[in-house]
Each structure stands twice: as C-alpha cells, then as structure tokens.
Amino acid sequence: MSQAFAHEEVVVRRGSRSGLPLIVAVHSRALGPAVGGCRLRRYDSRQDGLADALRLSEAMTYKAAVAGLDFGGGKSVIALDKETELTAGLREAALEDLGELIASFQGSYRTGPDIGTGPQDMVVLRRFSPYAYCAPEEHGGTGNSGGPTATGVLAALHAGARHVFGDASCTGRTVVISGFGSVGSGIAADLAAEGAHVVVSDVEQSRRDAALASGYGWVEPDQALSTPADILVPAAVGGVLDAATVPRLTAPLVVGPANNQLTEESVADALAERGIVWIPDYVASAGGIVYALSRESENHSHEAAQKRVEGIGDTVGHVLDLARSTGVTPLRAAQQIAERRLTSAASPVRGD
C-alpha cells in the first residue's frame, strides 16, 4: 500500500449527542461499497485518530480486493482523549452519533466491530442504518467474527507452512502467538489440537493462568518476538515489526491477524533480506469480513461462507507463488493482485 493517501471521502464530525470526534474514512469504492469496522479507542490527539482511520481504510481496500470481494475499503473511528471517562451513557450517545453519520452514506460505507466495539454495539448502529454487520444472531447478524478470523488465519498459516517448510502440517512445530484474545486463543486451540507446541503471550497478565491451564507455554510480551519458534503469530496490536524488532525474530514464517503489523513498507524488505516469509496481515486477517459479507450481504449459507474463508489458504498460496516467481516480497505480490482488480474495476459505486 502506498504511503500517500488518496481517499475518496473523509468526514470528521463532532457528535451532537456525545461531543466526541467521529471519523469516517472511505478509501475506495472502485469495487463496491466501502466496508470497514468501527474502532473506539483513546488517542493522544484527534490527528492520531484520523491517521488511524486513513491507514486502516486503505488496508481494507486491499483486504477486500485480494480476497476477491466486491467491496471497497473504509473505516470509522470514535476518538477518545486520555481524560474522557467512557460511561455507559456516553458510549451509547457516541454510537448513536456514529449511526446517524453512517446512515448519511446511504449504504456506500458499511461497518462492523473493531477494537473497542462488539456485536452489541452494532445493535445501536442499526437503529439508524441496516449496514452494521456482525450484530448478535438474535438481532439478525452473524455475531462475533473472531471464529471466522481465526479460521482464515489458520488457512493462511498452513499455506505459509507449505511454502516455507514444504509441509502444511504444524505437528511438532513451535508456534508463538503474541496476543491471547478471542482470535489468538482460537488459533492456539486449533494448533494445539493439531500437535503444535504452542507458546502464548499477552499484555494482560490475567490471561496467563488460562493459557497455562490449557497446556500452553507462556512468555512475557517483551520476549515474544525473540522466543525460538518455527512460526510467529502477531495477534494483538499493530506496529510490532520495525527496524529494531526484525533482527530479533527467530521464526522463518510470520503470519497473524493483527492489523498494520509493519511500521512502514520497507520493513517487508528487511524481513525478506533475513529470509523470513511474512504473510501480509490484510490477507491473513480477512476471514471475519469474508464470512460476515458472505452471510449478511450475499445471503450465503454458513457452509458456503466457511468455505470462502478457508479459501484464504489458496489466496496466500497464490501470493507466495507470485512473490517467488517474480522476485518480489509477499507484500508487493499482494499489492499487485489487489491493484490489478482495482484498476480494472468499473466506476465507483454509491450504495446498492
């Protein structure tokens, strides 16, 4: 993805109910309506929230394009400062403000849960617009997207293992998972069942007991990247791979669901120079959005949607084959696949 942002539409507004800054960034509608989750988090400044929305919405464009979805990329952010106390009342007011803003896009921007929001928050947004995915099933949505996201990461991981080790199996391999939340824990359980030696890490020390009780190894967060491993799975916050951390890596394969893992694109070259295969995060993490859109927008069955999620493994194989045959990084190969779809697309779409 380029570092010069060229977004189709960016709206910054102060919510009339909450008084909080609201941001909706639409990077591209070339393939269809823009889609991207709603993030509610604290920032040092409003500008940081805007930068987050711009960066994440561009990633969503590439995520949708590489996954073969007929959707563009967007993102919404409710930006809190360090001092604001997020009461239940303020939270609901902010979501109502955002719901009203999303409704003004008339379907050309659609959202779902992201950091700081969940399925129940989508119920609030749906008071104003039907285009809020992953609400609880009793409200007509598909619920938490953590399961499909984990399934997609596992498909990407096995495809990467086949490319790096010559065998997709993780039996007997050491896998370090940095981030033991809903997605990381799901990945850990499946890999352990496969026979992998799973080591986990999380900034929340309360998760240590759960990890140990499940039979996993545990390392402190500052040791996760340098712990000897066959595969590293970044499953927490982004920005973990940079010029300082890449030399510490021991795993020849890095693949995980964390967004924006690289601090800048040049880090992909540094990884390649060390012989480390990094699966672009927006390729590996597409399972949640693929499943939700397949079910809620395209009316596919659970089985059909699940099959599309598992197809992420084929996508990763294509990316890695292209990278190897053309001598570029997997990041550049994924960009080329996405850009071919974007440049051949029809005119931008506004709604359905």
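Odds and ends about this structure:
- Residues of the stretch 102-121 that are assigned to a helix (DSSP H, G or I) and either touching a Ser or Thr at 6+ places or on another chain (Cβ under 8 Å) or surrounded by fewer than 18 Cβ atoms within 10 Å (Cβ to Cβ) (or both): 102, 103, 120.
- Entry remark, the stretch 168-195: residues being in contact with a strand residue (DSSP E or B) (Cβ under 9 Å, 6 or more places away or on another chain), free of Cβ contacts under 8 Å to residues at least 40 places away in the same chain and closer than 17 Å to residue 257 by Cβ number 4 in total.
- Qualifying residue in the stretch 272-287 (condition: surrounded by fewer than 24 Cβ atoms within 10 Å (Cβ to Cβ), over 19 Å from the mean Cα position of the chain (by Cα) and small (Gly, Ala, Ser)): yes
- Annotation note: of 203, 198, 219, the sole residue that is more than 21 Å from residue 279 (Cα to Cα) and modelled with pLDDT of 95 or more is 219.
- Of all residues in the stretch 61-90, those being closer than 22 Å to residue 122 by Cβ and in a loop (DSSP other than H, G, I, E, B) number 6.
- Unique residue being of a type outside the set (Asp, Glu), modelled with pLDDT of 95 or more and either closer than 22 Å to residue 201 by Cβ or not assigned by TED's automatic domain parsing to the domain that holds residue 224 (or both) when the list is 181, 99, 166: 99
- Single residue of the stretch 126-139 satisfying the filter (within 21 Å of the chain's Cα centre (by Cα) and not hydroxyl-bearing (Ser, Thr, Tyr)) that is nearest to residue 301 (Cα to Cα): 134
- Scanning the stretch 24-71 for residues that are polar (S, T, N, Q) and in contact with a strand residue (DSSP E or B) (Cβ under 6 Å, 6 or more places away or on another chain) yields 28, 57, 61.
- Considering each residue of the stretch 229-241 in turn, none proves to be acidic (Asp, Glu), at pLDDT 95 or above, not in a strand (DSSP E or B) and not assigned by TED's automatic domain parsing to the domain that holds residue 327.
- Every residue from the stretch 223-248 that is surrounded by fewer than 23 Cβ atoms within 10 Å (Cβ to Cβ), over 22 Å from the mean Cα position of the chain (by Cα) and under 13 Å from residue 177 (Cα atoms): 223, 226, 227, 228, 230
- In the condition set (1) surrounded by fewer than 24 Cβ atoms within 10 Å (Cβ to Cβ); (2) within 26 Å of residue 267 (Cα to Cα), residue 194 is compliant with all but (2).
- For beta carbons closer than 6 Å, sequence separation of 6+ or different chains, a first residue in the stretch 143-167 that is over 24 Å from residue 111 (Cα atoms) and a second that is part of a helix (DSSP H, G or I) and of a type in the set (D, E, K, R), the qualifying pairs are 154/190; 155/310.
The values are calculated or read from the model by the stated rules, or taken from the named source; none is laboratory data. Model, not experiment: these values are computed from the prediction. We place every Cβ from the backbone using ideal geometry, glycine too, and count neighbours over all the protein chains shown.
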